[in-house]
Each structure stands twice: as structure tokens, then as C-alpha cells.
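**Q** Pasting in a structure now, in C-alpha cells, and then I'll have a few things to ask.
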Amino acid sequence: MPEIIRHNAGDVLNQEIKKRGLKQGYVAEQIGITPAYLSQIVNGSRKMSTDIAVRASIVLGVSLDIFLKQS
């Protein structure tokens with residue numbers, strides 16, 4: 001199955017969290033993951049899954065497209 005999430009999706013997520021002045025722990029709770037898991041995503045040690053991308057886009061009120069590879 002081809003990868004649809006961009007390689008720097010964690011960076012994008014981190015930028016959106018900071019732009020809104022939110023705490024990572026709060027965002028993690030809203031997404032339904034642990035703060036440690038979110039930290040791994042934003043620091044690049046874990047890839048963002050499609051499921052997490054969908055939930056993060058809902059929580060942050062952004063388009064899912066910001067996490068997707070551009071074709």
C-alpha cells in the first residue's frame with residue numbers, strides 16, 4: 001500500500017500545535033494518544049498514521065491535506 005502521509009507530517013503537526021499555543025499533552029489527549037506517542041511523532045522517531053492524521057486534523061480544525069503527500 002502506498003504511503004499517503006507526508007514524511008514531515010510530524011513537523012507540520014508540531015507547527016500547528018505551536019501556532020495555536022496548545023500544549024502537546026492536551027492535543028494528545030484530544031487525539032486519543034499518549035503524550036509520549038505524540039512526542040515521538042513530532043520529533044520524527046515515529047511515522048504518523050493515517051488514523052492519527054485524521055484525528056489531528058479534526059482536533060486542530062485543519063484540512064487533512066496538510067498531512068498528505070502532494071501528488
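**Q** Restricting the search to region 40-58, which residues are in a helix (DSSP H, G or I) and more than 10 Å from the chain's Cα centre (by Cα)?
**A** Within region 40-58, GLN40, ILE58 meet the criteria.
**Q** On to the next question. Looking at region 28-39 only, could you name the residues that are over 16 Å from PHE67 (Cα atoms) and either open to solvent by less than 40 Å² (accessible area, probe 1.4 Å) or part of a loop (DSSP other than H, G, I, E, B) (or both)?
**A** Across region 28-39, the qualifying residues are ALA28, GLY32, ILE33, THR34.
**Q** Continuing with this model, one more query. When the residues of region 46-71 are filtered to those that are among the hydroxyl-bearing types (Ser, Thr, Tyr) and under 19 Å from LYS18 (Cα atoms), which remaining residue is surrounded by the fewest Cβ atoms within 10 Å (Cβ to Cβ)? Spell out how you get there, then give the answer.
**A** Taking region 46-71 first, the residues among the hydroxyl-bearing types (Ser, Thr, Tyr) are 49-50, 57, 63, 71.
Remaining after also requiring under 19 Å from LYS18 (Cα atoms): 57, 63.
Details: SER57: 19, SER63: 9.
Taking the candidates together, the pick is SER63.
**Q** Here's something else I'd like to know. What are the residues in region 1-24 that are without any contact (Cβ under 8 Å) to a residue 40 or more places away in the chain and surrounded by 13 or more Cβ atoms within 10 Å (Cβ to Cβ), if any?
**A** Hits for region 1-24 are ASN8, GLY10, ASP11, ASN14, GLN15, LEU22, GLN24.
**Q** Which residue pairs have Cβ atoms closer than 7 Å, lie 6 or more positions apart in sequence or on different chains, and pair a first residue in region 38-63 that is within 14 Å of GLN15 (Cα to Cα) with a second residue that is among the charged types (D, E, K, R)?
**A** Filtered contacts from region 38-63: LEU60/GLU16; LEU60/ARG20; VAL62/GLU16.
**Q** Moving to a separate point now. Sort out which residues of region 25-71 are touching a strand residue (DSSP E or B) at 6+ places or on another chain (Cβ under 8 Å) and either hydrophobic (A, V, I, L, M, F, W, C) or at pLDDT 95 or above (or both), and write them in order of number.
**A** Scanning region 25-71 gives LYS47, MET48, SER49, THR50, ALA53, PHE67, LEU68.
The values are calculated or read from the model by the stated rules, or taken from the named source; none is laboratory data. Note that this is a predicted model, so its numbers are computed, not measured. All Cβ positions, glycine included, derive from the backbone under ideal geometry; neighbour counts span all protein chains shown. With ligands, DNA and RNA removed, areas are computed over all heavy atoms of the protein, side chains included. Shrake-Rupley method; radii C 1.70, N 1.55, O 1.52, S 1.80 Å.
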